[in-house]
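Undergrad: Input: one structure, supplied below.
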Amino acid sequence: MQRRGVAQENSEQWVQCAKCKKILFRPDFERAMRACPHCGHHHRLRACERILLTVDPDTFQEIDADLRPADPLGFPDYTDKLRKGTAASGENEAILTGTALLSGYEIVIGAMDFGFMGGSMGSVVGEKVARCFERGAERRLPVILFCASGGARMQEGLISLMQMAKTTAAVGKLQRAGMPYIAVFTDPTMAGVLASFASLADVIVAEPGALVGFAGQRVAAQASVGKPPANFQTAEFQHEHGMVDLIVPRKQLRPTLTYLLEMFLPVEAHAR
């Protein structure tokens, strides 16, 4: 799988950390998987970059690439936003799905892309996620999903909210087939995605500092009694309260996922 092109790709040799504001040499920054060497801030990745960093080389096969979003409500400017999402992310939707090998284990994998309309879940995202679980159940393969979303896509109204129920039901199919599901919470994992398939994994892994919550911080603060803790709605807060199983730095993510597959799957599942 080759890295996909994106319009106006940044080719400058220096980049500023979004958190500590230090200036970083871009080649070193890319080799560090876009994690700041000074403060450890994990910058966002595109969906194709997630895939390339995770799976064995040249093993990814995209599935359901022909699915395209429609405009069922005739929502103003929705078509333009879809075009801008493709230009920003290089994808036709807010998730990239396929099959691949990870350390020799065959898996179904999906990676959401926040660059495409904030990773929002509409009818196509929900369908592609559901098909991941259905394919995993049919072929008896584990499913790994990288979550990055602001929630349901308002431009599709109730159709987008229906995807919460559909993806949740699809997780049940995989569970009944006895195959593992691992979710990786990246920055941000919010709202309808968090409240549906993302939170139903057998193991939930999160990147350090990822924003994880249901409502936005301002809304959540208004609904809170007293002042929320400083690390409210972070992966660390969710880990302290039992919602996240592991917090894993990006460089350790691939070996951690390999370890989990080894724990869940029989030896004969390797390199079949």
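Only the coordinates and a few stated rules stand behind these numbers; no lab work does. This structure is a prediction, so every number in the text was calculated from the model and none was measured. Here the Cβ positions follow ideal geometry from the backbone for every residue, glycine too, while neighbour counts run over all protein chains shown.
Undergrad: So what are the ³J(HN,Hα) numbers for the stretch 99-114, from phi and the Karplus equation (6.51, -1.76, 1.60; θ = phi - 60°), rounded to whole Hz, Gly and Pro as x?
TA: For the stretch 99-114, the Karplus-derived couplings read 10, 6, 10, 10, 6, x, 8, 6, 9, 9, 9, x, 9, 7, 10, 5 Hz, x marking Gly and Pro.
Undergrad: I've got another one for you. Once the Cβ-Cβ distance between Asn231 and Thr59 is put in as r, and R0 is 51 Å, what FRET efficiency do you end up with, to the nearest 0.05?
TA: 0.85
Undergrad: Additional query: Using alpha-carbon positions, what is the distance between the centroids of the stretch 50-76 and the stretch 112-136, in Å?
TA: When both Cα centres are located, 8 Å separates them.
Undergrad: Which net charge results when you count Lys and Arg as +1 and Asp and Glu as -1 among the other residues whose beta-carbon is under 12 Å from that of Leu253?
TA: My count for the surroundings of Leu253 gives +3.
Undergrad: Among 71-84, 242-255, 114-127, how do they line up by average Cβ neighbours within 10 Å per residue, starting with the highest?
TA: 114-127, 242-255, 71-84
Undergrad: Name the long-range amide H neighbours of Ser149: under 5 Å, sequence gap of 5 or more, or other chain; modelled H, no Pro or chain starts.
TA: The list, which skips near neighbours in sequence, is Thr189, Met190.
Undergrad: Which of these, Phe237, Phe185, Phe146, has the largest mean-square fluctuation under a Gaussian network model of the chain (Cα springs below 10 Å)?
TA: Among Phe237, Phe185, Phe146, the largest GNM mean-square fluctuation belongs to Phe237.
Undergrad: Can you compute the modelled spin-label distance between Met243 and His38, with each label point 7 Å from Cα toward Cβ, in nm?
TA: In this crude spin-label approximation the distance works out to 3.1 nm.
Undergrad: Among Ala206, Ala198, Ala88, which one shows the biggest mean-square fluctuation in a GNM of the chain, springs joining Cα atoms closer than 10 Å?
TA: Ala88
Undergrad: Then there is this: What full-extension length gain, to one decimal in nm, is calculated for Trp14 and Met154 as 0.36 nm per residue of separation minus the Cα-Cα distance?
TA: Working it through step by step, the gained length comes to 46.8 nm.
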